[in-house]
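For reference, the structure discussed in these notes is given below.
The values are calculated or read from the model by the stated rules, or taken from the named source; none is laboratory data. Just so we're clear, the structure is a prediction, and the values are computed from it rather than from any experiment. Because the Cβ atoms are built from the backbone with ideal geometry, glycine has one as well, and the counts that use them run over all protein chains shown.
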Amino acid sequence: MSTEKHGLESATSRREYSTARDRLKAIQVGRLKEPGLYHDGAGLYLQISKVGTKSWLFRYRLHGRVRDMGLGSFQDFSLAEARERARLQRQLVADKIDPIDQRDARSAETRTIVSQAISFEDCARAYHKQESVHWKNEKHKAQWINTLRDYAFDKLGNRKVHTIGKTEILGVLAPIWKDKPETASRVRQRMRAVLEWAAAKDYYPNFPHGIWDQIAKALGKSRKDGEKAHHAACPYNEVGKLIAALRASNSQDIVKLAFEFTVLTAARSGETRGALWPEIKWDERLWVIPGERMKAKKEHRVPLTDRCIEILKQAQTITGKTRAKMKPLIFCHPRTHKEFSDAIFTSLLHKGLDVPYTMHGFRSSFRDWGSEKTMHSRELLEVSLAHLPGDQTEQAYWRGDMIEKRLRLMDDWAAYATSVPGGQDAPAGK
């Protein structure tokens, strides 16, 4: 019988196991050798066999019995990846679904899918055919698929899509990552879109969605010293400090408000810069962005937190009185009432705050925070970014009234993003 350990300490009660999390440290896990069970919290264990083999185990109680589920070997999955895999299983248990039973059912389903498997190139062309009808730029339509043809199809085109993992993706990206950073970034984005689509279509039901952070770490920086990374994202644990610096800066008040509103709503820069007062539904506490202003050409409803409402009320005092025949923009030049250019936030970040990040990168900050620091579902995070997961039926479901869940998510994000190290809230500013 394996010895159960609480992190690297002595065993404690099962009640403490159920509440404490993230007990283990990555560097310590790599050094552990003594056989036994090492508890990370919330049901996740590192299991070391008598012969020294390490693997991850998820222990849960459901329907009156305790079950142990293997989550893979330590060699294949890092501590962070194991935590994500355990988090997904906890969601199932919370919904009264037995993870082992579901895994077994999916294994049978996967065997059927494998017999009908399609190649990466087939998936890419099917995805391109489906999505490109919404793209207006003909040149972009051609370039999108040609990028994969030139850089990915030679290595992965004939490979069954469900067999593609981290090693295969790195095999495509690594040779061009340093010398062709812009191209490599596009290839990565498009490969990711194809593989996520394949997962949604059940061509790759067990796709490991968490591999992208590992791929980014394996590739390292893609640009020469002094160059800025494409869509460089602010680490989520620095967002609060940056917003505090923003509020204390000498930048225009309306620009500071627009910046913070964009971060807290996880919106795109253009969505905020083009936001109109009629889009704000005060009674419902919603920002309803019409489809013609959205990248996917579909209406997007954004729940507004208390801080977002405060920002809008502050903006009203600056831009609330729009000139006749002018668009009723929320965030605009106070005197001319014209829309800000797309360079306004870049200038604020690079010159005003002296940081290398991009505005678009804050969407990644939000996504990473949601994945690594919360129990909110991947689907809810994607919907909040206006990325509708799944097929048309699933999209219709997620497009429905999930506002209460999304408001809780955005409340959590606002609380996190407006706090600074030490637990202090960032000063609200004007």
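Structural remarks
- Out of Cys308, Cys332, sole residue that is farther than 21 Å from Ala386 by Cα and not charged (D, E, K, R): Cys332
- Only one of the numbered conditions (1) surrounded by 16 or more Cβ atoms within 10 Å (Cβ to Cβ); (2) over 15 Å from Lys54 (Cα atoms); (3) under 23 Å from the mean Cα position of the chain (by Cα) is not met by Ala94, and that is (1).
- Residue match in segment 150-161 (condition: within 23 Å of the chain's Cα centre (by Cα) and of a type outside the set (Val, Ile, Thr)): no
- Restricting segment 143-178 to residues that are touching an Asp or Glu at 6+ places or on another chain (Cβ under 8 Å) and among the basic types (Lys, Arg), the residue that is nearest to Leu195 (Cα to Cα): Arg159
- Screening segment 139-218 for helices (runs of 4 or more DSSP H) wholly inside it with 1 or more residues that are within 25 Å of Glu382 (Cα to Cα) returns the ranges 166-177, 181-200.
- Qualifying residue in segment 390-409 (condition: at pLDDT 60 or above and closer than 20 Å to Cys234 by Cα): yes
- Whichever residue in segment 294-307 is at pLDDT below 90 and of a type in the set (Lys, Arg) and, among such residues, is nearest to Glu260 (Cα to Cα): Lys295
- Residue in segment 349-359 that is among the basic types (Lys, Arg) and modelled with pLDDT under 90 present: yes
- Considered as a group, the residues in segment 88-142 that are modelled with pLDDT of 85 or more and among the aromatic types (Phe, Trp, Tyr) include one that is farthest from Ala193 (Cα to Cα), and that residue is Phe120.
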